[in-house]
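Below: one structure, written as C-alpha coordinates.
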Amino acid sequence: MTSTPIPPITGEHAAARSVTSQQRLVRERQIYSLLDRLLALIQIVFGLGTLVALVLEALGGDARPVELMLGIPLMILTVVAGVLLWSGRRSGLALSLGLQLFQVLPVIIAHTAVRYVTGLHWTLRFGGPRLWKPWGFEGTFLVLHDPAFPATVIGLNVVALVAVLYLASRLRNLAKTQQ
(Lines give C-alpha, C1' and ligand atoms only; values in the text may rest on other atoms or scores of the structure.)
Protein backbone atom coordinates (compact mmCIF):
# COMPACT_ATOMS: atom_id res chain seq x y z
CA MET A 1 0.00 0.00 0.00
CA THR A 2 1.56 3.24 -1.09
CA SER A 3 0.49 6.58 0.15
CA THR A 4 0.57 9.72 -1.85
CA PRO A 5 1.91 12.77 -0.10
CA ILE A 6 -0.49 15.58 0.64
CA PRO A 7 0.35 18.56 -1.52
CA PRO A 8 1.26 21.78 0.29
CA ILE A 9 -1.44 24.37 0.73
CA THR A 10 -0.91 27.07 -1.83
CA GLY A 11 -2.88 29.61 -3.77
CA GLU A 12 -6.58 29.85 -3.09
CA HIS A 13 -6.50 27.06 -0.48
CA ALA A 14 -4.03 29.06 1.64
CA ALA A 15 -6.24 32.15 1.38
CA ALA A 16 -9.31 30.14 2.39
CA ARG A 17 -7.46 28.74 5.39
CA SER A 18 -6.39 32.19 6.62
CA VAL A 19 -9.96 33.47 6.30
CA THR A 20 -11.19 30.53 8.34
CA SER A 21 -8.62 31.10 11.08
CA GLN A 22 -9.48 34.82 11.10
CA GLN A 23 -13.16 33.96 11.46
CA ARG A 24 -12.30 31.57 14.29
CA LEU A 25 -10.31 34.30 16.06
CA VAL A 26 -13.18 36.75 15.70
CA ARG A 27 -15.61 34.14 17.04
CA GLU A 28 -13.33 33.37 20.00
CA ARG A 29 -13.05 37.07 20.82
CA GLN A 30 -16.84 37.42 20.67
CA ILE A 31 -17.28 34.46 23.02
CA TYR A 32 -14.65 35.83 25.43
CA SER A 33 -16.32 39.24 25.34
CA LEU A 34 -19.72 37.69 26.08
CA LEU A 35 -18.38 35.61 28.98
CA ASP A 36 -16.42 38.56 30.39
CA ARG A 37 -19.49 40.79 30.26
CA LEU A 38 -21.72 38.15 31.82
CA LEU A 39 -19.28 37.73 34.71
CA ALA A 40 -18.95 41.52 35.00
CA LEU A 41 -22.72 42.01 35.08
CA ILE A 42 -23.09 39.41 37.83
CA GLN A 43 -20.32 41.05 39.87
CA ILE A 44 -21.86 44.51 39.48
CA VAL A 45 -25.45 43.48 40.28
CA PHE A 46 -24.71 41.18 43.22
CA GLY A 47 -21.93 43.42 44.51
CA LEU A 48 -24.25 46.44 44.56
CA GLY A 49 -27.07 44.43 46.12
CA THR A 50 -24.88 43.12 48.92
CA LEU A 51 -23.31 46.54 49.41
CA VAL A 52 -26.75 48.11 49.85
CA ALA A 53 -27.72 45.36 52.32
CA LEU A 54 -24.56 45.89 54.36
CA VAL A 55 -25.04 49.66 54.44
CA LEU A 56 -28.68 49.25 55.52
CA GLU A 57 -27.52 46.86 58.24
CA ALA A 58 -25.02 49.45 59.42
CA LEU A 59 -27.63 52.22 59.46
CA GLY A 60 -30.21 50.01 61.16
CA GLY A 61 -27.92 49.27 64.07
CA ASP A 62 -28.22 45.50 63.56
CA ALA A 63 -24.63 45.09 62.47
CA ARG A 64 -21.60 42.98 63.14
CA PRO A 65 -18.61 45.39 63.02
CA VAL A 66 -16.08 42.96 61.50
CA GLU A 67 -18.51 42.01 58.76
CA LEU A 68 -19.16 45.67 57.92
CA MET A 69 -15.52 46.75 58.04
CA LEU A 70 -14.51 43.97 55.67
CA GLY A 71 -17.71 43.54 53.68
CA ILE A 72 -18.33 47.10 52.52
CA PRO A 73 -14.85 47.58 50.96
CA LEU A 74 -15.03 44.06 49.51
CA MET A 75 -18.35 44.78 47.81
CA ILE A 76 -17.06 48.11 46.49
CA LEU A 77 -14.07 46.22 45.10
CA THR A 78 -16.43 43.66 43.54
CA VAL A 79 -18.37 46.40 41.74
CA VAL A 80 -15.14 48.07 40.57
CA ALA A 81 -13.85 44.73 39.26
CA GLY A 82 -17.11 44.22 37.39
CA VAL A 83 -16.95 47.68 35.80
CA LEU A 84 -13.31 47.18 34.76
CA LEU A 85 -14.10 43.73 33.37
CA TRP A 86 -17.10 45.12 31.46
CA SER A 87 -14.85 47.70 29.82
CA GLY A 88 -12.40 44.98 28.76
CA ARG A 89 -9.50 45.97 30.98
CA ARG A 90 -6.83 43.49 31.96
CA SER A 91 -6.97 44.86 35.51
CA GLY A 92 -10.63 43.80 35.58
CA LEU A 93 -9.61 40.24 34.72
CA ALA A 94 -6.93 40.20 37.42
CA LEU A 95 -9.14 41.75 40.10
CA SER A 96 -12.03 39.43 39.23
CA LEU A 97 -9.67 36.46 39.43
CA GLY A 98 -8.68 37.41 42.98
CA LEU A 99 -12.28 37.91 44.04
CA GLN A 100 -13.35 34.58 42.52
CA LEU A 101 -10.47 32.86 44.33
CA PHE A 102 -11.83 34.24 47.60
CA GLN A 103 -15.23 32.68 46.79
CA VAL A 104 -13.91 29.19 46.05
CA LEU A 105 -13.55 27.96 49.66
CA PRO A 106 -16.24 28.94 52.16
CA VAL A 107 -15.02 27.74 55.55
CA ILE A 108 -15.88 27.40 59.18
CA ILE A 109 -12.79 27.34 61.38
CA ALA A 110 -12.98 27.39 65.18
CA HIS A 111 -16.77 27.91 65.03
CA THR A 112 -16.30 31.03 62.83
CA ALA A 113 -17.88 31.06 59.38
CA VAL A 114 -16.31 33.05 56.54
CA ARG A 115 -18.24 33.11 53.29
CA TYR A 116 -18.31 35.43 50.28
CA VAL A 117 -20.53 34.84 47.26
CA THR A 118 -21.61 37.13 44.43
CA GLY A 119 -23.79 35.46 41.87
CA LEU A 120 -24.40 31.87 40.98
CA HIS A 121 -22.90 29.27 43.29
CA TRP A 122 -22.93 25.53 43.73
CA THR A 123 -21.21 24.74 46.99
CA LEU A 124 -20.18 21.25 47.97
CA ARG A 125 -19.50 20.84 51.69
CA PHE A 126 -17.03 18.51 53.33
CA GLY A 127 -17.67 17.74 56.99
CA GLY A 128 -20.40 18.97 59.29
CA PRO A 129 -24.04 19.82 58.67
CA ARG A 130 -25.34 22.05 55.90
CA LEU A 131 -25.28 25.65 57.10
CA TRP A 132 -25.96 27.51 53.87
CA LYS A 133 -27.82 26.89 50.66
CA PRO A 134 -25.91 24.45 48.46
CA TRP A 135 -26.76 26.28 45.21
CA GLY A 136 -28.49 29.35 43.84
CA PHE A 137 -28.01 33.03 43.06
CA GLU A 138 -26.82 34.95 46.06
CA GLY A 139 -24.90 37.96 47.26
CA THR A 140 -23.37 37.26 50.66
CA PHE A 141 -20.52 38.32 52.86
CA LEU A 142 -20.48 36.59 56.22
CA VAL A 143 -18.02 36.58 59.10
CA LEU A 144 -19.81 35.08 62.07
CA HIS A 145 -18.64 33.31 65.21
CA ASP A 146 -21.23 31.02 66.74
CA PRO A 147 -20.47 28.21 69.21
CA ALA A 148 -23.36 26.28 67.67
CA PHE A 149 -21.39 26.01 64.40
CA PRO A 150 -19.26 22.90 63.96
CA ALA A 151 -15.56 23.28 64.71
CA THR A 152 -14.47 22.86 61.08
CA VAL A 153 -16.31 22.71 57.77
CA ILE A 154 -14.87 23.40 54.35
CA GLY A 155 -16.80 23.89 51.16
CA LEU A 156 -16.00 24.11 47.48
CA ASN A 157 -17.86 26.59 45.31
CA VAL A 158 -17.69 24.81 41.96
CA VAL A 159 -18.99 27.79 39.95
CA ALA A 160 -16.31 30.08 41.41
CA LEU A 161 -13.67 27.44 40.67
CA VAL A 162 -14.76 27.32 37.01
CA ALA A 163 -14.66 31.13 36.90
CA VAL A 164 -11.13 31.08 38.37
CA LEU A 165 -9.96 28.62 35.70
CA TYR A 166 -11.56 30.74 32.95
CA LEU A 167 -10.08 34.02 34.21
CA ALA A 168 -6.63 32.50 34.74
CA SER A 169 -6.73 31.11 31.20
CA ARG A 170 -7.74 34.52 29.82
CA LEU A 171 -4.93 36.27 31.68
CA ARG A 172 -2.40 33.69 30.50
CA ASN A 173 -3.56 34.04 26.89
CA LEU A 174 -3.36 37.84 27.10
CA ALA A 175 0.17 37.60 28.49
CA LYS A 176 1.21 35.31 25.62
CA THR A 177 -0.23 37.59 22.94
CA GLN A 178 1.43 40.68 24.41
CA GLN A 179 4.92 39.18 24.43
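The values are calculated or read from the model by the stated rules, or taken from the named source; none is laboratory data. What you see is a predicted model, and the numbers here were worked out from it, not measured in a lab. Here the Cβ positions follow ideal geometry from the backbone for every residue, glycine too, while neighbour counts run over all protein chains shown. Heads up: the accessible areas ignore ligands, DNA and RNA and are worked out on the full protein's heavy atoms, side chains in. Shrake-Rupley method; radii C 1.70, N 1.55, O 1.52, S 1.80 Å.
Things to note:
- Distances between every pair of Cα atoms in the range 36-77, grouped in 5 Å steps from 0 to the bin holding the largest one, split as 6, 24, 29, 20, 11, 7, 3, 0 percent.
- When 32, 166 are compared by accessible area of protein heavy atoms, the largest-first order is 32, 166, using a 1.4 Å probe.
- Helix 65-86 and the longest principal axis of the Cα set of the chain meet at an angle near 20°.
- Protection proxy ranking, peptides 92-98, 125-131, average beta carbon neighbours within 10 Å, highest first: 92-98, 125-131
- Computed 3J(HN,Hα) for the range 164-179, one whole-Hz value per residue from the Karplus formula 6.51 cos²θ - 1.76 cosθ + 1.60 where θ = phi - 60°, is 4, 4, 5, 5, 5, 5, 4, 5, 5, 5, 5, 5, 5, 6, 8, 7, glycine and proline marked x.
- Sorted into 5 angstrom bins from 0, the C-alpha pair distances of the range 93-179 split as 3, 15, 23, 20, 15, 9, 6, 4, 2, 1, 0 percent.
- Hz values of 3J(HN,Hα) by residue in the range 31-46 - Karplus curve (6.51, -1.76, 1.60), Gly and Pro given as x: 5, 4, 4, 5, 5, 4, 5, 5, 4, 5, 4, 4, 5, 5, 5, 6
- Of the solvent-accessible surface of the chain, computed with a 1.4 Å probe over protein heavy atoms with every protein chain present, carbon and sulfur atoms account for 68 percent.
- Residue-averaged [θ]222 nm for the chain, counting only DSSP H segments that reach four residues, each worth -39500 (n - 2.57): -21000 deg cm²/dmol
- Net charge of Cβ neighbours under 13 Å - reference residue 116; Lys, Arg +1; Asp, Glu -1: -1
- Nonlocal amide H pairs with residue 133, under 5 Å, H built at 1.01 Å: none
- For residue 96, net neighbour charge (Lys/Arg +1, Asp/Glu -1) across residues whose Cβ lies under 11 Å away: +2
- Evaluating 6.51 cos²θ - 1.76 cosθ + 1.60 at θ = phi - 60° for every residue in the range 150-155, the Karplus couplings come out as x, 5, 9, 9, 10, x Hz, glycine and proline recorded as x.
- Among 123, 20, 50, the largest mean-square fluctuation in a Gaussian network model of the chain (Cα springs under 10 Å) belongs to 20.
- A Cβ-based charge dipole, computed about the Cα centre of the chain with Lys and Arg at +1 and Asp and Glu at -1, lands at about 600 debye.
- Heavy-atom surface of the chain, accessible at 1.4 Å and reported per residue (Å²): 62 Å²
- Annotation: the chain has a Kirkwood hydrodynamic radius of 18.8 angstrom, from the mean reciprocal C-alpha pair distance.
- With the charge dipole of the chain set up from +1 on Lys and Arg Cβ and -1 on Asp and Glu Cβ about the Cα centre, the Cα lying farthest toward the positive end among the listed residues 97, 75, 22 is that of 22.
- 5 angstrom amide H check on residue 138, placed H, neighbours 5+ away: 119, 120, 121
- The range 83-137 has equivalent-ellipsoid semi-axes of 28, 12, 8 Å, by the square roots of 5 times the alpha carbon gyration tensor eigenvalues, sorted largest first.
- For the range 106-179, a simple Cβ point-charge model (Lys and Arg +1, Asp and Glu -1, everything else neutral) yields a dipole of about 300 debye relative to the Cα centre.
- Loop-located trypsin sites (Lys or Arg not before Pro) in the range 67-118 (DSSP state other than H, G, I, E, B) with a sparse environment of at most 15 neighbouring Cβ atoms within 10 Å: 89.
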